[in-house]
Amino acid sequence: MKFYKNLYIGNTIKNPGKTRRKLKRHAKLQNVYVIAYMAESGQLSIYHNLMFQQRYYREHQPYVIGIAGNHDEAVEIICRIAEESVRETGRADLVAYLFSDQQGKCVL
């Protein structure tokens, strides 16, 4: 599992470092939702962390953009990313915003 360099963390996540380590080890966490980019779909999606227990996700590693304590908080994080994208680029292309460097080149 790979993590975004400027990982978005929800307010209800008390210890982000510990949560991140547990996600890497595929530990079962009860109230943790993950905002992830999956190359197959080409978009951001919200997953409960237990989804990553499936064999498919061990073979097709997600790229984690954010961690939230509940689904509503995960939606708020995606809204925050959209607002940042529109403010910085004038467009709501979240994937292009998250994976572009300062010169506007995609670094995926």
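Tell me yes or no: at least one residue of the stretch 86-105 is touching a His at 6+ places or on another chain (Cβ under 7 Å) and touching a residue at least 40 places away in the same chain (Cβ under 8 Å).
Scanning the stretch 86-105, I find no residue that is touching a His at 6+ places or on another chain (Cβ under 7 Å) and touching a residue at least 40 places away in the same chain (Cβ under 8 Å), so the answer is no.
State whether one or more residues within the stretch 55-69 are of a type in the set (Asp, Glu) and modelled with pLDDT of 95 or more.
Checking the stretch 55-69: not a single residue is of a type in the set (Asp, Glu) and modelled with pLDDT of 95 or more.
Output the residues belonging to the stretch 27-43 that are under 17 Å from Gly69 (Cα atoms), open to solvent by 30 Å² or more (accessible area, probe 1.4 Å) and at pLDDT below 95.
Ala27, Lys28, Gln30, Asn31
Name the one entry in Ile9, Ile13 that is in contact with a helix residue (DSSP H, G or I) (Cβ under 7 Å, 6 or more places away or on another chain) and open to solvent by 30 Å² or more (accessible area, probe 1.4 Å).
After applying the criteria, what remains is Ile9.
When the residues of the stretch 35-57 are filtered to those that are within 19 Å of Arg25 (Cβ to Cβ) and in a strand (DSSP E or B), which remaining residue is farthest from the chain's Cα centre (by Cα)?
Of everything passing the filter in the stretch 35-57, His48 is farthest from the chain's Cα centre (by Cα).
I'm checking my understanding of the structure. Among residues of the stretch 50-69 that are over 15 Å from Lys5 (Cα atoms) and either touching a residue at least 60 places away in the same chain (Cβ under 8 Å) or in contact with a helix residue (DSSP H, G or I) (Cβ under 6 Å, 6 or more places away or on another chain) (or both), which one is surrounded by the most Cβ atoms within 10 Å (Cβ to Cβ)?
Among them, the one singled out is Ala68.
The values are calculated or read from the model by the stated rules, or taken from the named source; none is laboratory data. Remember, predicted model here, so these are calculated numbers, not experimental data. Please note: Cβ atoms are built from the backbone with ideal geometry, for glycine as well, and neighbour counts cover all protein chains shown. We work out accessible area using only protein heavy atoms, side chains counted, and drop any ligands, DNA or RNA first. Shrake-Rupley method; radii C 1.70, N 1.55, O 1.52, S 1.80 Å.
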